[in-house]
Amino acid sequence: MSAIKVFVPRDSAALAVGADEVVAEIHKEAKARGLTVDIVRNSSRGMFWLETLVEVQTSRGRVAYGPVQPEDVKSLLDAGMLQGEQHALCHGITEQIPYLAKQERLTFSRMGVTDPLSLADYEAHSGWAGLKRALTMDGAGIVQEVTDSGLRGRGGAAFPAGIKWRTVLNAAGQQKYIVCNADEGDSGTFSDRMTMEGDPFMLIEGMVIAGIAVGATQGYIYIRSEYPHAIAVMNEAVNIATNAGYLGQSICGSGKTFTLEVRKAAGSYVCGEETALLESIEGKRGVVRAKPPLPALEGLFGLPTVINNVITLASVPIIMAKGATFYRDYGVGRSHGTLPFQIAGNIKHGGLVEKAFGLTLRELLFDFGGGSRSGRPIKAVQVGGPLGAYVPESQWDLPLDYEAYAAVGAVVGHGGIVVHDETANMSKLARYAMEFCALESCGKCTPCRIGSTRGVEVIDRITSNQNKEQQVHLLRDLCSTMLSGSLCAMGGMTPYPVLSALNHYPEDFGIEVRATEKA
């Protein structure tokens, strides 16, 4: 009798709720019953409310069961889980679960499908196709393809990737570098971690293509220290890819060189800023550099450097494999392609949703998220990480694209979405933003270092009703200084959550709203 293939994620989210214990119980019960199972440790599908998600390969496709606890295994096997039979925890064919079926998975097409460290799996699901095409082109041709795709940086700034690459391609320098910013420190974000743990060869492929495109022969992946599983998987993936000839002195026998090294981050939020990240890789304290010069011209060790985040680089293989037009046709306006939106906070169905730009926040919150976990009305949604604006219900029908959000003083950023219900106190959340900035500031520039500390004090005076009108004016003035005068986005974006909370939820600051203003 051939072994029945069972898939159980090795993703951090699944491990945190007992995936390893579920695997141990399946092995134990199968042995006791004389059943032969082949357990594949895949990655998470991104439906975190269903973790641990167990899938069984059947003639009809994979059948999903979840959330599975170790104590559920006996009843699942009794009910015929290995044959895909019905059970209270059964969700039917995995790909037909509405949460997945309604997505447009380009970058995350292999997520949850393959064994993350199996080269055979990666190759069987279109892996290395983009690299093989890139090896037939010159650097300028690859850069043009990325430019034509409309790919913009997925780390928050949304700068066109092709322009950055072209700058490095044309820069003079005997040595050039590719740096992947995997210091994913924003609250409620996990797409980078999922990529590194669940499809590491895709990131490696994107970085190799970038290196060939701009003439760089060395790459670094700077991974946040709080991601031990991602660090371990990426290190193993780099070794596997090197031994297979996809990294090293002659990539796929082409004579082109690209080597890759994983660097563990310093544990500082500000090291997610590209120049502080470079300082950290160089062995220095993570302090922001003044720009110019731009890292594309004088970056790592003073040499031309491409710095992109994980999802930006991971989007490159499919662009090269299927062509710029294929990718560009997704999205709206100047926001092309897809973005892995990450829904967290007070939400019923938290997880990852990859969709083309242009859907609305309301769709994400209710069509995918299922509303608040508490069952109370949703009050505010922070989009774009801890430095993103709080988006009120009046703006939930805006298309999620960079320009539409910028027009209302908000940011799409890294695609992180944190939900708060009606019990949230927005003045406390605004204060937290200033306090967070004060704690995490590198201290180099005055607007960020001093402004955030003063911001906490001013908000405290507002909420304790000390000369409120003057203090509100002072807070707005302080935010203006931070926006305009900070060296980097740490201080420059902290006013976004503060001002959005003040503007849209003044009652939480004890500010009386006149009837005419409400209208």
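The values are calculated or read from the model by the stated rules, or taken from the named source; none is laboratory data. Note that the coordinates shown come from a computational prediction; the quantities given were computed from them, not determined experimentally. Because the Cβ atoms are built from the backbone with ideal geometry, glycine has one as well, and the counts that use them run over all protein chains shown. Ligands, DNA and RNA are stripped out before the accessible areas are found, and what is left, the full protein with its side chains, is counted by its heavy atoms. Shrake-Rupley method; radii C 1.70, N 1.55, O 1.52, S 1.80 Å.
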| note | A student asked for the Cα radius of gyration and Dmax of segment 360-519 in angstrom ought to give 15.6, 44
| query | For ASN309, which sequence-distant residues (separation of 5 or more, or a different chain) have an amide H within less than 5 Å of its own amide H, given hydrogens modelled in the peptide plane? | reply | ARG154, GLY155, ASN181
| note | Long-range alpha-carbon pairs in segment 450-489, meaning those over 17 Å apart, account in percent for 28 percent
| Taking the Cα atoms of the chain, what is the range of coordinates along each of the three principal axes, in descending order and whole Å? | 79, 59, 39
| request: For n ≥ 4 DSSP H runs only, could you compute -39500 (n - 2.57) per run for the chain, divide by its residues and tell me the 222 nm figure to the nearest 500? | output: -11500 deg cm²/dmol
| remark: Ranking VAL408, THR453, ALA430 by how far each Cα lies towards the positive end of the charge dipole of segment 403-519 (+1 on Lys and Arg Cβ, -1 on Asp and Glu Cβ), the top one is THR453
| said: Suppose each label sits 7 Å from its Cα in the direction of the beta carbon; what would the GLN86-ASN243 distance come out to in nanometres? | reply: 4.7 nm
| query | For ALA406 and TYR432, what is the calculated FRET efficiency with R₀ set at 22 Å and r taken between the beta-carbons, to the nearest 0.05? | reply | 0.40
| note | For LEU247, the residues 5 or more places away or on another chain with a placed amide H closer than 5 Å to its own amide H are THR242
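What relative contact order, as a whole-number percentage, does the chain give when Cα pairs under 8 Å and 6 or more residues apart are counted?
Details: 1092 pairs, mean separation 67.9, N = 519.
Relative contact order comes out at 13 percent.
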| request: Evaluate the charge dipole of the chain about its Cα centre and quote only its size in Debye, nearest 20, assuming +1 on the Cβ of each Lys and Arg and -1 on the Cβ of each Asp and Glu. | output: 760 debye
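For segment 307-420, what does the convex hull of the Cα positions come to per residue, in cubic angstrom? Intermediate values should be presented prior to the final figure.
On the way: hull volume 11.8 nm³, N = 114.
Here the figure is 104 Å³ per residue.
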| task | Could you please report the charge total around LEU297, scoring K, R as +1 and D, E as -1 over all other residues with beta-carbon less than 15 angstrom from its beta-carbon? | result | +3
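Write down the accessible area per residue of the chain in Å², having rolled a 1.4 Å probe over the full set of protein chains.
Numbers: 20020 Å² over 519 residues.
Dividing the accessible area of the chain by its residue count gives 39 Å².
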| field | Estimated vicinal HN-Hα couplings, Hz - segment 401-414 in sequence order (Karplus 6.51, -1.76, 1.60; Gly, Pro = x) | value | 8, 4, 6, 4, 6, 4, 5, 10, x, 10, 9, 7, x, 7
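At most 14 other Cβ atoms within 10 Å and a DSSP loop assignment: could you name the trypsin sites (Lys or Arg not before Pro) in segment 1-79 that fit? It would help to have the intermediate numbers written out before the result.
Working: sites: LYS5, ARG10, LYS28, LYS31, ARG33, ARG41, ARG45, ARG60, ARG62, LYS74; in loops: ARG10, ARG41, ARG45, ARG60.
In loop regions of segment 1-79 (DSSP not H, G, I, E or B), the sparsely surrounded trypsin sites (Lys or Arg not before Pro) are ARG60.
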| said: Explain nothing, just compute: Karplus ³J(HN,Hα) = 6.51 cos²θ - 1.76 cosθ + 1.60, θ = phi - 60°, for every residue of segment 356-364 in order, whole Hz, x for Gly and Pro. | reply: 5, 4, x, 6, 10, 5, 4, 4, 5
| field | Accessible carbon and sulfur surface of the chain relative to its total accessible area, %, 1.4 Å | value | 50 percent
| message | Counting each pair of different Cα atoms once, what's the Kirkwood radius of segment 332-380 in Å, rounded to one decimal? | response | 11.4 Å
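Tell me the volume per residue, in Å³, of the convex hull enclosing the alpha carbons of segment 31-108.
On the way: hull volume 8.4 nm³, N = 78.
Looking at segment 31-108, the number lands at 108 Å³ per residue.
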| note | Given 10 °C, 1.306 mPa s and a Kirkwood radius over Cα pairs, the Stokes-Einstein diffusion coefficient of segment 198-348 in µm²/s is 94 µm²/s
| Estimated distance in nm for a label pair at LYS284 and ASN467, the labels positioned 7 Å out from Cα along Cα-to-Cβ | 4.1 nm
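What is the ratio of the Cα radius of gyration of segment 25-72 to 2.2 N^0.38 Å, where N is its residue count, to two decimals?
Values: Rg = 11.6 Å, N = 48, 2.2 N^0.38 = 9.6 Å.
In units of the 2.2 N^0.38 Å rule of thumb, it is 1.22.
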| message | Charges at C-beta only: +1 for Lys and Arg, -1 for Asp and Glu. How large is the resulting dipole of segment 6-130 about its Cα centre, in Debye rounded to 20? | response | 200 debye
| note | Counting every C-alpha pair in segment 272-366, the percent lying more than 22 Å apart is 52 percent
| remark: The farthest towards the positive end of the charge dipole of segment 221-282, of the residues THR257, HIS229, TYR269, given +1 on Cβ of Lys and Arg and -1 on Cβ of Asp and Glu, is THR257
| task | Identify, among HIS125, ILE281, GLY80, the residue whose Cα sits farthest towards the positive end of the charge dipole of the chain, taking +1 on the Cβ of Lys and Arg and -1 on the Cβ of Asp and Glu, with the dipole about the Cα centre. | result | ILE281
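Where nothing but the Cβ of Lys and Arg (+1) and of Asp and Glu (-1) is charged, how large is the charge dipole of segment 124-263 around its Cα centre, in debye to the nearest 20?
Value, rounded to 20: 420 debye.
What pairs from LYS256/LYS291; LYS379/LYS468; LYS176/LYS355; LYS264/LYS444; LYS164/LYS264; LYS176/LYS444 go past 30 Å between their alpha carbons?
Working: LYS256/LYS291 32 Å; LYS379/LYS468 24 Å; LYS176/LYS355 34 Å; LYS264/LYS444 23 Å; LYS164/LYS264 25 Å; LYS176/LYS444 27 Å.
In this structure, LYS256/LYS291; LYS176/LYS355 lie more than 30 Å apart at Cα.
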| said: Given Cα positions, please report Rg to Rh for segment 94-191, the hydrodynamic radius being the Kirkwood one. | reply: 1.01
| remark: Residues whose modelled amide H sits under 5 Å from the amide H of GLY331, counting only those 5 or more places away in sequence or on another chain, are GLY337, PHE357
| query | Hey, could you pull the Cα Rg and Dmax for segment 1-148, both in Å? | reply | 18.1, 61
| field | J(HN,Hα) series, segment 27-32, from Karplus relation 6.51 cos²θ - 1.76 cosθ + 1.60, nearest Hz, glycine and proline x | value | 4, 4, 5, 5, 5, 5
